[in-house]
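Note sheet for the following structure.
The values are calculated or read from the model by the stated rules, or taken from the named source; none is laboratory data. All values derive from a computational prediction rather than experimental measurement. Neighbour counts are summed over all protein chains in view; Cβ atoms, including those assigned to glycine, are modelled from backbone coordinates with ideal geometry.
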Amino acid sequence: MGTDQRVAIIVRFGLNPQHWAERHARGDVVDETPYAYHLAEQWFTVEWSDDRPENQIARWWRMSVRHFLGFDFVHVWRNRRVIRRADAVWTHTEREHLAVALLKTLSPRRYRAVSIAQSVWLWDLWPNVSRVRAAFFHRLVKRHAVEVVLSRVNRDASREAVPGRTVVRVPFGTHFASPNPGAAPAGTPRILVVGNDRHRDWDLLAAVTELVPEAEFDLISLSEDVHARQWPAHVHVRSATQPEVLAAYATSTVVALPLLPNSHASGCTVAIEAISAGIPIVVSDAGGIDEYVTGADADLVPVGDAAAFAAAIRRRLAGPAGAAAGSTAADRGLSERDYVARLALLTQAALSGAAFDPAVEAFQRVADAPRVRSGVTA
């Protein structure tokens, strides 16, 4: 329905909402829009970034500028009119929010929208950023009303790197998987492994598959590293659409999340999907993922410890079949509706100059959290 307040949603090049709608119509993706940001329409008038068609030269130029600056300024520049019309800007990663900040730095009178800037990989990369680029980014991130991150580890790293800003850990939310029918699949137990993130520990997984030969491993990934490896015969590597990934939970016994050290709760989407499906999880204790699986049927194991990871899987396989116990993803406020509602709360606070509502950081349904204003719940 929207209001007079206008929000510009700037997503990366390639997430054109028209193209996404075609994918949704074909059944390739579950959400109607990227990250279900269309749910913000109940509070704001929403306008999306668009992808300008590119020939070879235009793409070369955009990618060259992106490489030089460290973010996709050309894509954001092409959408500058959307940003100029907005009262607030949402971005999904630093590749977009740093570009928005540069626009605001170059022309502060023209680009006055408050920015709700989500970072994903920025603080993982920060220790390796050059001094010149770090100083540049340091200035840019101060242009945002609030920075959103998905884990407390990222939040603390951000605050330490560039103090004096509002940085908020907002629990992510995603589409829920269908519940497991309540019993492990007949026959050989199946371990589901899903992910493309750069912080998946494929070396660890390779060692675990050798230690647990009695189970089938269903490995769904687009990672080039995954597809280039030689896996044992009981490991089945494939790609899949989002609906196919969600369907895979119903035929799985355990979900495995092998993670490298990181700051951004790598694997939180898979953890949420597994919790919603009622499947036990074995996960490396990295990046603040523990906040997402607290109270769920999950085993946290030390990072890089293949023996401990394999032992946890085997304990799960030896245990009684049935739905996982513990709090549900819905109870913990890990739906996409909760996620977008949290961003709406932050946006309204930024536009009014008020302190943000503590509901945005709570791992519970936004509608159940204290002090949520009427009409701003999911």
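Pairs only if they're at least six apart or on different chains, beta carbon under 6 angstrom, first in region 160-174 and under 18 Å from residue 115 (Cα atoms), second crowded, with 20+ Cβ neighbours inside 10 Å and among the hydroxyl-bearing types (Ser, Thr, Tyr); list them, first residue then second.
Note: pairs meeting the criteria are 167/158.
Show me the helices (runs of 4 or more DSSP H) found entirely inside region 274-359 where at least 1 residues are out of contact with any Ser or Thr (no Cβ under 6 Å at 6 or more places or on another chain), surrounded by fewer than 24 Cβ atoms within 10 Å (Cβ to Cβ) and modelled with pLDDT under 95.
Fully inside region 274-359 and qualifying: 306-318, 336-352.
Search region 4-20 for residues that are among the charged types (D, E, K, R) and pair each with any residue that is in a helix (DSSP H, G or I) when their beta-carbon atoms are under 7 Å apart and the residues are at least 6 apart or on different chains.
Taking only residues 6 or more apart or on different chains, the pairs are 6/85; 12/95; 12/96.
Restricting to region 47-71, what's the tally of residues that are over 30 Å from residue 36 (Cβ atoms) and of a type outside the set (A, V, I, L, M)?
7
What's the number of the only condition in (1) modelled with pLDDT of 95 or more; (2) assigned to a loop (DSSP other than H, G, I, E, B) that residue 14 fails to meet?
With respect to (1) modelled with pLDDT of 95 or more; (2) assigned to a loop (DSSP other than H, G, I, E, B), residue 14 is out only on (1).
Which ones in region 15-70 are under 18 Å from the mean Cα position of the chain (by Cα) and at positive phi?
Selection gives 35, 36.
Kindly indicate the residue of region 64-122 that is touching a helix residue (DSSP H, G or I) at 6+ places or on another chain (Cβ under 9 Å) and aromatic (Phe, Trp, Tyr) and also nearest to residue 349 (Cα to Cα) among those meeting that condition.
Checking each candidate, the answer is 90.
Name the single residue that is nearest to residue 205 (Cα to Cα) among those in region 247-273 being in contact with a Pro (Cβ under 7 Å, 6 or more places away or on another chain) and surrounded by fewer than 24 Cβ atoms within 10 Å (Cβ to Cβ).
Checking each candidate, the answer is 253.
So in region 96-110, with the set limited to residues that are in a loop (DSSP other than H, G, I, E, B) and of a type in the set (D, E, K, R), which one is surrounded by the fewest Cβ atoms within 10 Å (Cβ to Cβ)?
109
Report, by residue number, each residue of region 221-246 that is farther than 20 Å from residue 25 by Cβ and assigned to a helix (DSSP H, G or I).
224, 225, 226, 227, 228, listed by residue number.
Do we find a residue being of a type in the set (A, V, I, L, M, F, W, C) and touching a residue at least 24 places away in the same chain (Cβ under 8 Å) anywhere in region 52-66? Even if it seems obvious, please write down each step before you answer.
Residues of region 52-66 of a type in the set (A, V, I, L, M, F, W, C): 57-58, 60-61, 63, 65.
From what's left, touching a residue at least 24 places away in the same chain (Cβ under 8 Å): none.
No: zero hits.
Among (1) within 27 Å of residue 268 (Cβ to Cβ); (2) in contact with an Asp or Glu (Cβ under 8 Å, 6 or more places away or on another chain); (3) of a type in the set (A, V, I, L, M, F, W, C), where does residue 113 come up short?
(1)
Based on this model, can you work out whether residue 61 counts as modelled with pLDDT of 95 or more, assigned by TED's automatic domain parsing to the domain that holds residue 130 and assigned to a helix (DSSP H, G or I)?
Yes, satisfied.
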